[in-house]
1. I need the helices (runs of 4 or more DSSP H) fully contained in segment 179-274, keeping only those with at least 1 residues that are surrounded by fewer than 19 Cβ atoms within 10 Å (Cβ to Cβ), free of Cβ contacts under 8 Å to residues at least 24 places away in the same chain and β-branched (Val, Ile, Thr).
2. Could you give me the residue pairs with C-beta distances under 9 Å whose first residue belongs to segment 162-178 and is farther than 14 Å from Val90 by Cβ and outside any helix (DSSP H, G or I), whose second residue is of a type outside the set (A, V, I, L, M, F, W, C) and modelled with pLDDT under 90 wherever it lies, and which are 6+ apart or on separate chains?
3. Would you check if there is a residue in segment 145-156 being buried (at least 21 other Cβ atoms within 10 Å of the Cβ), of a type outside the set (Ser, Thr, Tyr) and not in a helix (DSSP H, G or I)?
4. Quick one: would you say Asp118 is acidic (Asp, Glu), surrounded by fewer than 18 Cβ atoms within 10 Å (Cβ to Cβ) and in a helix (DSSP H, G or I)?
5. Output yes when any residue across segment 17-31 is closer than 30 Å to Tyr251 by Cβ and either part of a loop (DSSP other than H, G, I, E, B) or of a type outside the set (Lys, Arg) (or both), and no when none is.
6. Would you check which residues across segment 53-83 are out of contact with any Lys or Arg (no Cβ under 8 Å at 6 or more places or on another chain), surrounded by 11 or more Cβ atoms within 10 Å (Cβ to Cβ) and assigned to a loop (DSSP other than H, G, I, E, B) and list them?
7. For segment 17-64: of the residues being among the aromatic types (Phe, Trp, Tyr) and free of Cβ contacts under 8 Å to residues at least 60 places away in the same chain, which is nearest to His259 (Cα to Cα)?
Amino acid sequence: MTSLLAAGPATRRRRVSTRVWRGLTYLSLILLMAPAAWLLINVVAKAWTHWQWSVLWTQLTPTGGGLRDQILGTFILMLGVFIIAGTIGVFAGIHLAEFARPRQFSGRVSGPLRTASDVLAGFPSIVLGYVGYVALVVGLGWKLSLLPALIILSIMVIPYIAKNTETSLRQVPTGYREGAEALGMSAGYGLRKVVLKSALPGIMTGLLLALAIACGETAPLIYTAGFSNTLPHSLTGSQFPYLTYMVFTGYNSPETQYHYLAYDAALILVVIVMLLLVLSRIVVSRTQRHSESSRSTGGGGLRARMRARAQKNEPLLGITGAPPR
């Protein structure tokens, strides 16, 4: 009886502490969502009062106009970053997760590589922009143009993609790799067909996050791309248009029409980021559903493949020259 009575206050304390921690999590969620909602509502309210759909297909002029070339320039920057940073970052993450062996040379250099990647991710974007200006714009004589901007933006987001890819690959169960090896798949084939498919949701999320970061940058683009009202016809030698510059300069401009264009550019950027987030959710949901369906039918599929190989008198492990039974 004494032990039962003594357990009462402890139970009440646990309940109180659980409710307190739950309340703190709700408060943290509110503190996280409130600024984002406030910014979103403010941008939409400022832009929607004077919004005109013609801003999407008309050119920027000294008296106002639209943001057609700036929108296209932002999409070109995102596409270039997706190709350059996506390729390098994903392959770097694959190497760190799959091929960096502890007792080999690749394993010994993987630690310094991760440290260098973390340090690079911590550099301010304006510092990277200044380095790009000194090394690429002035040093190589490329001038303010698209190519230096793409290189600097890619350098800025590669650490995020590489780290996210490595983390996603390390979360794939070891049984997937062992099952692929048991079926006679080579390491590269199993990586492409089994491991990467399971890690695809995390990898795509990292890529889309990198695109969202790239499309919202201003400081490195001012140092490397400059600004232009129209799209150039070469990668180097001519300045480049993008939306964030209009937000940066239009808001501080004394002309009212540029204030309107700044709000329009901010709204378009918010819509682009929201579309990227929705796209990432769609990719994650579809790939996870495919992975779960494959996992639920994985045993039957494996047995069917083994029976098919047995009927053809093929070795189950894919080893040629196996002795007959």
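The values are calculated or read from the model by the stated rules, or taken from the named source; none is laboratory data. Keep in mind the model is a prediction, meaning the values are calculated, not measured. Virtual Cβ from ideal backbone geometry, glycine too; neighbours counted across all protein chains shown.
1. Values: elements: 187-190, 196-215, 219-224, 243-250.
In segment 179-274, the matching helices (runs of 4 or more DSSP H) lie at 243-250.
2. Once the first residue is farther than 14 Å from Val90 by Cβ and outside any helix (DSSP H, G or I) and sits in segment 162-178, its partners that are of a type outside the set (A, V, I, L, M, F, W, C) and modelled with pLDDT under 90 give Gln171/Ser198; Gln171/Gly202; Val172/Ser198; Pro173/Ser198.
3. Checked segment 145-156: no residue is buried (at least 21 other Cβ atoms within 10 Å of the Cβ), of a type outside the set (Ser, Thr, Tyr) and not in a helix (DSSP H, G or I).
4. Numbers: acidic (Asp, Glu): yes; surrounded by fewer than 18 Cβ atoms within 10 Å (Cβ to Cβ): yes; in a helix (DSSP H, G or I): yes.
It is true that Asp118 is acidic (Asp, Glu), surrounded by fewer than 18 Cβ atoms within 10 Å (Cβ to Cβ) and in a helix (DSSP H, G or I).
5. At the first step, the residues of segment 17-31 found to be closer than 30 Å to Tyr251 by Cβ are 30-31.
Then keep just the ones that are either part of a loop (DSSP other than H, G, I, E, B) or of a type outside the set (Lys, Arg) (or both); that gives 30-31.
Scanning segment 17-31, I find at least one residue that is closer than 30 Å to Tyr251 by Cβ and either part of a loop (DSSP other than H, G, I, E, B) or of a type outside the set (Lys, Arg) (or both), so the answer is yes.
6. Residues satisfying the conditions are Gly66, Leu67.
7. Applying the first criterion (among the aromatic types (Phe, Trp, Tyr)) to segment 17-64 yields 21, 26, 38, 48, 51, 53, 57.
So of that shortlist, the ones also free of Cβ contacts under 8 Å to residues at least 60 places away in the same chain come out as 21, 26, 38, 53, 57.
Working: Trp21: 44, Tyr26: 37, Trp38: 20, Trp53: 16, Trp57: 19 Å.
Applying the filter and picking the extreme gives Trp53.
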